[in-house]
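Colleague: My questions will all concern the structure given below.
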Amino acid sequence: MINFKQEELIEQLVNHIQQKYPEVQLIEVTESPEDSDSLWLIVTAPEDEDRESELITYSADKSMDILLDYGYHMLVMPTHETGLEAA
């Protein structure tokens, strides 16, 4: 269950990512199957492989800030899967 603060932080994180990677869209937020305290933000991946790598590094830095500042563990998970609707 996602609380209000987590929703706010997810929105801020996605907005921050979209400023640098406007083609990235949030698909879904889900609990990690490995740890119920971790959230996975499933997003569309950029078409360019180098840009996708940059996105992963960029979002990891922002996610670490959230973990250190608020104690919420979030991972941005880019996907190339088709047929997924944007949230």
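Colleague: Hey, among Met77, Met64, which residue is part of a helix (DSSP H, G or I) and open to solvent by 50 Å² or more (accessible area, probe 1.4 Å)?
Modeller: Met64
Colleague: Let me ask you something else. Give me the pairs, please: first residue somewhere in region 1-12 and surrounded by 13 or more Cβ atoms within 10 Å (Cβ to Cβ), second residue anywhere and among the aromatic types (Phe, Trp, Tyr) and in a helix (DSSP H, G or I), beta-carbon distance under 9 Å, and either six or more positions apart or on two chains.
Modeller: Gln6/Tyr70; Leu9/Tyr70
Colleague: So Asp35 passes all but one of these: (1) farther than 20 Å from His80 by Cβ; (2) not in a loop (DSSP other than H, G, I, E, B). Which condition number does it fail?
Modeller: (2)
The values are calculated or read from the model by the stated rules, or taken from the named source; none is laboratory data. Note that the structure is a prediction, hence the values are computed from the model and not measured. Cβ coordinates were reconstructed from backbone atoms using ideal geometry, including for glycine residues, and neighbour counts include every protein chain displayed. Just the protein is used for accessible areas: all its heavy atoms, side chains included, with ligands, DNA and RNA removed. Shrake-Rupley method; radii C 1.70, N 1.55, O 1.52, S 1.80 Å.
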